[in-house]
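Data block below; observations after.
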Amino acid sequence: IITDSFADCLSDGFRILYDPLRTVRSIVKLNLYIHSDTILVSGGIQAASTIWNNVEFYGDVTVTEKGKIQVSGQETNLNLQCPLTNKGAITLENGAYGIFTNTGFAQHNSGTISIGSDCAVNLEGTKMVNAGSIAGSGQVYAMLGDDCTDYAANHTGLKYVEIEPGTTVGPDNYSRYMFDGEPDKTIDVTLYKGEISNEQGGSLDSALQVQTENFPEK
């Protein structure tokens, strides 16, 4: 990661600025979590799988016209499960995986999102309003999504299970919502459609492989 101030906490949010003379290096793979009410990316963030496993933003994220987020490598994930306004450049390359979700709501792109041929982006349950460019030849999964948070909070038979730090993650061993000992319990779940909506001259590269999912028939 290249920054001027790794954690410059300001009254208006969390700001990351670019300085090409300062670098953070490590031989241990790390997780970078940037959580704040508002996050302004006005410089450059570069994350490769040689150092980073996950780069996660949680808050109201804006990438400015000069802002850049670049992730690279098959074991590197870019997690943007939040409101997003991208006016700059977000790049996934060399097998990186992006989670761009704001379930039930929209994210906005008026800059450039580049998805490499061996990369994928998950837009589950989220509408990407695209007035910029989404380029590349990778995969886009615009699938149905749902939000179980309220159901769990209201004690409807769901609970959130979080794995212990250091636990090996497998198909049945990961942080998730699951039913809590009530096999006969039923709940109503609202489904949200994932989609890309080109507006105001927005473009979607025809080489991108976009997978969509329709609402189930009644």
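The values are calculated or read from the model by the stated rules, or taken from the named source; none is laboratory data. Predicted model only: the values in this text are computed from it and were never measured. No Cβ is skipped: glycine too gets one built from the backbone with ideal geometry, and neighbour counts run over all protein chains shown.
With the checklist (1) modelled with pLDDT under 70; (2) outside any strand (DSSP E or B); (3) among the aromatic types (Phe, Trp, Tyr) in hand, flag the one item Phe215 doesn't pass.
Of the numbered conditions (1) modelled with pLDDT under 70; (2) outside any strand (DSSP E or B); (3) among the aromatic types (Phe, Trp, Tyr), the odd one out for Phe215 is (1).
Kindly check whether there is at least one residue in the stretch 175-182 that is at pLDDT below 85, acidic (Asp, Glu) and either part of a loop (DSSP other than H, G, I, E, B) or surrounded by 10 or more Cβ atoms within 10 Å (Cβ to Cβ) (or both). So that I can check it myself, show each step before the final result.
So in the stretch 175-182, the residues at pLDDT below 85 come out as 175-182.
Now restrict to residues that are acidic (Asp, Glu): 180, 182.
Checking the rest, the ones that are also either part of a loop (DSSP other than H, G, I, E, B) or surrounded by 10 or more Cβ atoms within 10 Å (Cβ to Cβ) (or both) come to 180, 182.
Within the stretch 175-182, one or more residues are at pLDDT below 85, acidic (Asp, Glu) and either part of a loop (DSSP other than H, G, I, E, B) or surrounded by 10 or more Cβ atoms within 10 Å (Cβ to Cβ) (or both).
Would you say Tyr160 is at pLDDT below 75 and part of a strand (DSSP E or B)?
Here the answer is yes, as Tyr160 does meet what is asked.
Take the stretch 183-212 and flag every residue that is at pLDDT 70 or above and exposed (fewer than 10 other Cβ atoms within 10 Å of the Cβ).
The answer is Gln200, Ser206.
Among the residues of the stretch 188-212, how many are of a type in the set (Ser, Thr, Tyr) and part of a strand (DSSP E or B)?
4
Pick from the stretch 95-112 the residues that are under 12 Å from the mean Cα position of the chain (by Cα) and of a type in the set (A, V, I, L, M): which of them is farthest from Cys82 (Cα to Cα)?
Start the filter on the stretch 95-112 by keeping residues that are under 12 Å from the mean Cα position of the chain (by Cα), which leaves 96-103, 107.
This time we only want the ones that are of a type in the set (A, V, I, L, M), so: 96, 99.
Values: Ala96: 19, Ile99: 10 Å.
Taking the candidates together, the pick is Ala96.
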